[in-house]
Each structure stands twice: as C-alpha cells, then as structure tokens.
Amino acid sequence: MTQYLAGVDVGTTGVRCALYDLRGNPVGGHYCDYGADYPQPGWVEQDPRLLIARTVEACRRAVTTADIDARQITAIGFSAQRSVTCVVAADGTPIRPMISWQDARTVRQVEALRALVSDDEYYAQNGLPLGTTWIITKLLWMREHEPALWARTARVVQNQDLVLRAFGADDYFTDLCCAVFYGVWDVRRATWNTPLLERLGLAPELFGRPTRPGTQVGAISAAMAAQTGFAVGTPVCVGAGDQNCSVLGMGAVVPGMATVTLGTAGLAILATARPLAGFGGMMITHHAVPGMWEVEGLSNAAAAALRWYRDVIATHEKERAAAAGGDAYADLDRLAATSPPGSRGLLFLPYLATAATPRWNPHARAAFVGLSFAHTRADLTRAVMEGVVLEIRDMLEQWRGAGLDVDSLRIAGGATRSALWNQIQADVYGRPVETLRVSESTSLGAAILAGLGAGVFAALPEAVDAMVHVSDRIEPVAAHHRCYEELYRAYAQTYAGLAAHGAFDTLAGLQARRDESRTAGS
C-alpha cells in the first residue's frame with residue numbers, strides 16, 4: 001500500500017494541512033485562516049480554541065478532498081509558530097488568549113530581567129538576545145498584571161504543545177528546538193537554566209516537556225478521527241518550530257547551508273555543527289538534526305509588510321481583485337516590476353512590528369524615506385518588497401562579519417511565489433539563491449518528522465534526500481547588485497540616524513501617551 005505523510009503547519013495567521021508521498025510530492029492539502037487580535041497597540045493575541053478548531057478543519061478538508069485512503073497516511077507531524085505563550089488550567093482549559101511572539105507589551109519586564117542578569121550573560125546562557133519576544137517576559141507580565149489568572153495557571157506551554165495534546169498526546173510536549181523560546185533554557189547544554197529559574201521563583205515543571213523532534217507521543221482516537229478524517233491509530237509525532245521545520249523542508253541538514261524564509265515573519269538561518277558564540281543579536285537554537293544548531297536572524301514583519309501594504313494602501317488592487325476573482329498580490333507584483341531596482345531612490349524601513357535581528361529595538365517603526373511627488377504606486381510597492389529583503393541582508397552581514405562561510409542559500413515562504421521578489425533577493429544578497437519544488441517547506445519539514453517518528457526513515461538526512469528537491473537557481477544581476485549595495489548603505493545609515501537622534505523613542509512615547517490618555521478616558 002502506498003504511504004503518505006501529513007504535515008500540519010500551525011502558523012502565525014493560519015494553519016495548513018498538507019499531504020505528501022514519500023518522494024515529497026504534494027497529494028492534497030487545505031488552509032484555514034484564524035488571524036490575530038490587537039487589543040492595544042503593541043499587543044497581539046490569539047484565541048486558542050479557534051486555532052485548534054481551524055487546525056481540525058484544515059486536516060478534515062485536506063484528508064477528505066485528497067484522492068487517497070486515510071489509512072494510507074502513515075503518520076502526522078506538526079510545525080508551529082514559535083514563542084507563543086499558551087496558559088492552561090489544571091484541566092487543560094486555556095485561561096486567557098495566547099500571547100503572540102509579535103506582542104511587545106513586556107518592555108518593563110525585560111528591564112526587570114536585565115536587573116537580574118546582564119544582556120551578555122543572558123545571551124551566553126540562553127542563546128537569545130534579551131527582548132520582548134520570549135515567553136518568560138509574557139509570563140512575568142501576566143504574574144504582575146493578571147494575578148487572578150496567574151493563580152489558576154497550571155502550565156505555560158507553546159503552540160505545538162497545545163495542538164499535540166488536542167490530537168492525542170497525553171502531556172504537553174515542547175519540541176527540543178522550541179525549548180529555547182521559553183527564555184529560560186540553556187541552549188548549549190540542552191537543559192533548563194536552573195539558576196535563572198530559581199531567581200524568578202519558577203520550576204521547569206511549569207513548562208512543556210522538552211522532546212526530540214520526530215518522536216511519537218500519541219495516536220488519533222476514534223473521536224478525533226471523526227473530526228479530522230485521519231484513521232484511528234494514526235501516529236501523532238512531535239515536529240518542530242515552524243522555522244526549524246522550514247530548514248528541514250529546505251534540505252539544510254549539513255553545516256554551511258543557509259536558508260531565508262519570507263513568510264509572516266522573516267528568518268535567515270545558517271546550519272552549524274556547534275553552538276556559536278553570540279554575535280549580532282542572532283538567536284541560537286537546536287537544529288532538528290541531533291547534534292547540530294542553527295544561527296538565526298529574525299524579522300518580525302517580512303511578507304506581512306506587503307499584506308499590510310495591500311490592506312491599507314493598495315486598496316484599489318485589493319478591491320479590484322475581490323470583484324474579479326483575481327489575485328491582488330499578482331497585480332502588485334506586476335505593478336512593482338514596472339519600477340526599476342532601487343525604486344527610484346525610495347527606501348522602506350520595514351519595522352511594522354518593531355526591529356528584531358540585529359537591531360533589537362522595540363521602539364523602531366516603519367517608514368518610507370525619500371518620498372517625493374515623482375514617486376508612483378509602482379515605486380511604493382517595489383520599495384516595500386526591497387525593504388523586507390534589505391532587513392534580511394542586515395542579518396547576512398552578521399554572518400560575514402563573524403567569518404562564517406555560506407556554502408549555499410535556499411529561499412522559501414509565500415514570497416517565493418513572486419519571481420520578482422526572488423530576483424530581488426538574489427540581487428540584494430549578491431549571490432545565487434535556490435528555490436525548492438515544494439515552497440511550503442514548513443509543512444514538508446513537519447511531514448519529514450512524521451516519517452521519522454513512524455520509522456519510515458531511519459534518519460533525517462535520508463528523509464531529506466528522498467523528499468526535498470531544488471526547483472530553480474536564480475543568479476544575481478551585477479548591475480542590480482551594485483544599485484542595492486548603495487541602497488543597503490542608505491538603509492543602514494537611515495536607521496542609525498533615526499535611532500541616534502531618538503526619533504523612534506519619541507514616536508513610541510507619543511503613541512504610549514496617547515494610549516494611556518485613551519485608556520484613562522474610557
């Protein structure tokens with residue numbers, strides 16, 4: 001009987017269930033959106049019940065519409081957005097909305113942590129730059145601001161843990177790659193940072209159980225089979241964080257292979273054989289391959305910047321596409337292609353959700369710089385696409401500065417559906433980039449880990465050889481790269497000037513005072 005593997009990617013704004021054969025060919029899938037809530041500026045929350053319901057729905061539709069027998073699906077693996085704070089009571093009931101990794105409400109909690117441990121010491125221990133993204137800061141915020149809810153809290157877990165439990169796991173299992181995002185994990189020793197936990201008055205038992213990716217932790221019950229369409233007894237396997245799965249689904253399983261993913265967030269990741277000393281604000285996480293690590297740069301708003309642009313500025317394209325049943329992104333792509341490299345001197349700083357690697361500035365905000373009467377909608381559109389890639393280039397500069405060799409660079413994420421954006425990446429980085437036959441690398445990585453957990457594959461390199469295939473190689477255009485070298489210098493200078501003169505801080509202060517005034521008047 002032909003075997004298939006399911007990869008369920010529970011992402012930042014929606015969930016995709018994808019089915020693959022053992023050669024990595026997609027044979028079915030479905031996507032469901034659940035979005036996020038923004039109760040205050042800087043706050044980002046999600047409904048855990050809705051997220052699980054949409055995950056179940058995506059699986060059911062993927063299985064029922066695929067032309068296969070559900071009993072042929074050998075196992076299910078999961079990918080999930082990382083560093084999401086899920087708080088549950090003793091009976092497993094979610095206590096409050098999940099707090100997203102994008103949520104930046106915890107600036108004061110970061111300062112409280114800094115009073116206990118210096119930035120350098122924290123980075124050396126946890127592999128993360130001290131900032132608002134990590135779960136520990138959200139936990140401290142909740143303990144201070146929501147004491148009644150905190151008193152009911154039995155576990156603080158992550159997104160995948162919650163979904164695994166719903167699909168049949170008997171505990172909350174945190175994949176080893178994601179353990180670091182609690183913010184109290186010693187990434188070099190692969191164990192809890194006990195001294196820091198003790199200083200915070202917390203115990204490891206509060207969190208999910210760290211578990212190696214590709215471990216079976218449950219099976220589909222009769223009740224869940226009725227809801228999802230999977231066969232009773234189908235193994236449920238721990239996957240990894242979305243970007244760790246993406247690295248796997250892009251085939252970066254040997255040191256020196258690098259990947260760039262432009263989805264809701266942007267990630268530039270280099271696979272390494274050792275946990276490198278911290279530099280440039282890069283995150284250090286475990287690789288899905290045992291004994292390897294990843295050096296990661298994070299952009300909080302990558303392809304999501306173009307989504308914002310579509311919804312807020314390119315309303316004409318959005319409405320026209322909706323009326324005609326077209327694709328607004330395809331229209332924007334064609335529009336941007338009519339503007340030359342460099343967008344005729346227009347620069348976009350893409351900090352719509354603050355600045356992450358390597359700036360790590362919670363007050364940074366997005367901006368168009370150089371705008372004039374001469375600029376067109378095409379220039380604005382292309383500038384957004386270029387700005388997103390310039391932030392990734394900022395991360396690649398950290399690798400170069402540290403003397404790290406990049407043997408190959410592969411790109412994935414929703415942005416790779418745009419041939420123009422792919423070329424912009426090659427031109428800005430000044431090196432060839434490879435696309436993959438399956439661009440949804442997160443769900444493919446999750447399916448690969450399902451195959452490992454079910455014993456279909458003996459090891460991850462074997463699975464990657466079977467299921468990951470390069471589609472295209474895009475060479476940089478020398479003249480375009482020279483233009484982008486100038487634009488990158490302008491990008492770095494513009495950020496430095498705004499930051500040095502306190503412009504970001506002033507704007508953030510104005511926003512905070514307005515929010516406080518509005519809250520006081522309500």
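So for V163, V428, fewest C-beta neighbours within 10 Å to most, what's the order?
V163, V428
With 0.36 nm allotted per residue and the present C-alpha distance subtracted, the V470-R274 stretch has 67.9 nm of extension available.
Comparing Cα centroids, the range 60-127 and the range 170-201 end up 13 angstrom apart.
Note on R199 and I313: the model spin-label points, each 7 Å out from Cα along the C-beta direction, lie 4.3 nm apart. A Förster radius of 60 Å, combined with the Cβ-Cβ distance separating A53 from F373, puts the computed FRET efficiency at roughly 0.75. When semi-axes √(5λ) of the Cα gyration tensor in Å is calculated directly from the model, which label among [x] 49, 43, 19; [y] 33, 29, 23; [z] 36, 29, 24 fits? The value computed from this structure is option [y].
A simple spin-label model places pseudo-atoms 7 Å from Cα toward Cβ; at R417 and R152 they are separated by 3.9 nm.
Each of C32, C17 was scored by other Cβ atoms within 10 Å of its Cβ. Arranged with the fewest first, they read C32, C17. Pairs of Cα atoms in the range 206-297 fall into 5 Å distance bins, from 0 up to the last occupied one, in shares of 3, 13, 19, 18, 15, 13, 9, 7, 3, 1 percent. In this label model, R71 and A226 are separated by 2.0 nm, measuring between points 7 Å along each Cα→Cβ vector.
Here the scattering of the range 4-250 is modelled by Debye summation over its C-alpha atoms, one equal scatterer each and no solvent; at q = 0.17 Å⁻¹ the log10 of I(q)/I(0) is -1.24.
Taking 8 Å as the Cα distance limit and 6 or more residues as the minimum spacing, I'd like the relative contact order of the chain as a percentage.
16
Averaging Cα coordinates gives a centre for the range 412-483 and one for the range 333-381; these two points are 25 Å apart. Per-residue Karplus couplings for the range 359-375, computed as 6.51 cos²θ - 1.76 cosθ + 1.60 with θ equal to phi - 60°, are listed in order as 7, 6, 10, x, 9, 5, 9, 6, 7, 8, 10, x, 5, 9, 4, 6, 7 Hz, Gly and Pro entered as x. In terms of other Cβ atoms within 10 Å, R108, R82, R209 run from fewest to most in the order R108, R209, R82. Could you work out [θ]222 nm for the chain from helices alone, using -39500 (n - 2.57) per DSSP H run of at least four and dividing by all its residues? Round to the nearest 500 deg cm²/dmol. Helix-only estimate at 222 nm: -12500 deg cm²/dmol.
Each reported figure results from applying straightforward, stated rules to the coordinates on display, with no laboratory input. Please read all numbers here as calculations on a predicted model, not as lab measurements. Cβ atoms come from the backbone with ideal geometry, glycine included; neighbour counts cover every protein chain shown.
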